[in-house]
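Data first, discussion second: the structure below is written as structure tokens.
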Amino acid sequence: WTIATGTAGTHVFKNTTASKIFQGDASLKITGDGSNLTKLTQSLNTAGGTSGKLLRNTVYFLHYKYYLDTSIAAGVLKVSIEDAGGTEVTNNSLTASSTVNLSSASASQWNSSTTFFKTPEALTTNGPYQITVELTTALTNTKSAYIDQMCVAKPVQCGRGGPYVAILRGEADFVKDD
């Protein structure tokens, strides 16, 4: 990940506190100061980013979990897929983004955000594409949001012309015969 706006150790942290990790060994922690619009990016299909590559005319889903220590007064979190110029992937007026008003979110529990999107027939050549995590409204001073289980993947279509479905791990692992 690249910090585009904000400072490591002030606004952006690698969290290893177990109660604030949904899955794995760490989560992203963003701490507000009341004014900084923290922004992180990760390039797709590059050696320095991730090997994932967007295909044209393909349905994807974007999912992540977020956690707040306490209720907050302000903060809007946006996660999107953009080209290198910062333009969101759009097809038929539907954008590859999810926006969450953190002041309306439940505190002290994991919340989920998921959106489905379809890439256009002609993808822009302004690459590489990137995942962008940003605050579009500053987070309340000294308050923190934790982000985990971020995923962009292709869902499964149920039958010809049917809906698309994506299943992700919950708080408990799947077991045989679930």
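The values are calculated or read from the model by the stated rules, or taken from the named source; none is laboratory data. Computed from a predicted structure; not experimentally measured. Cβ sites come from the backbone with ideal geometry, for glycine too, and all protein chains shown count toward neighbours. All accessible areas refer to the heavy atoms of the entire protein, side chains included, with ligands and DNA or RNA removed. Shrake-Rupley method; radii C 1.70, N 1.55, O 1.52, S 1.80 Å.
Here is how the numbers come out for the structure above:
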{"item": "Estimated dipole of the chain in Debye, rounded to 20 [Cβ of Lys and Arg +1, of Asp and Glu -1, Cα centre]", "result": "180"}
{"item": "Calculated from backbone phi, Karplus (6.51, -1.76, 1.60) coupling profile of region 130-139 in Hz, x at Gly/Pro", "result": "8, 8, 10, 10, 8, 8, 9, 10, 4, 6"}
{"item": "Förster-model FRET efficiency, 41 Å R0, GLU171 and GLU121, C-beta, rounded to 0.05", "result": "0.60"}
{"item": "Region 1-44, accessible surface, carbon-and-sulfur percent (1.4 angstrom probe)", "result": "46"}
{"item": "Local net charge near LYS154, Cβ-Cβ under 12 Å (Lys/Arg +1, Asp/Glu -1)", "result": "+2"}
{"item": "Longest exposed-site-free window of the chain, the sites being trypsin sites (Lys or Arg not before Pro) in a DSSP loop that have at most 12 other C-beta atoms within 10 Å", "result": "57-159"}
{"item": "Percentage relative contact order, the chain, counting C-alpha pairs under 8 Å, at least six apart", "result": "31"}
{"item": "Cut-off 14 Å, label 7 Å out along Cα→Cβ of ALA107, residues of region 125-151 by amide N", "result": "140-146"}
{"item": "Environment charge of ASN126, counting only residues whose C-beta is closer than 13 Å and scoring Lys/Arg +1, Asp/Glu -1", "result": "-3"}
{"item": "Max mean-square fluctuation residue, GNM over the chain, Cα-Cα springs under 10 Å, options SER144, SER106, SER51", "result": "SER51"}
{"item": "GNM top mover of ILE72, ILE81, ILE131 - the chain, alpha-carbon springs below 10 Å", "result": "ILE72"}
{"item": "Longest exposed-site-free window of the chain, the sites being GluC sites (Glu not before Pro) in a DSSP loop that have at most 16 other C-beta atoms within 10 Å", "result": "1-120"}
{"item": "Calculated FRET efficiency for the pair CYS158/THR10, C-beta based, R₀ 41 Å, to 0.05", "result": "0.35"}
{"item": "Length gained when the stretch ASN57-GLN23 is fully extended (0.36 nm per residue, less Cα-Cα span)", "result": "9.1 nm"}
{"item": "GLY52 long-range amide H proximity, modeled H, under 5 Å", "result": "ASN45"}
{"item": "Cross-link table LYS14/LYS176; LYS29/LYS154; LYS53/LYS143; LYS78/LYS154; LYS29/LYS176, entries beyond 30 Å C-alpha to C-alpha", "result": "LYS14/LYS176; LYS53/LYS143; LYS29/LYS176"}
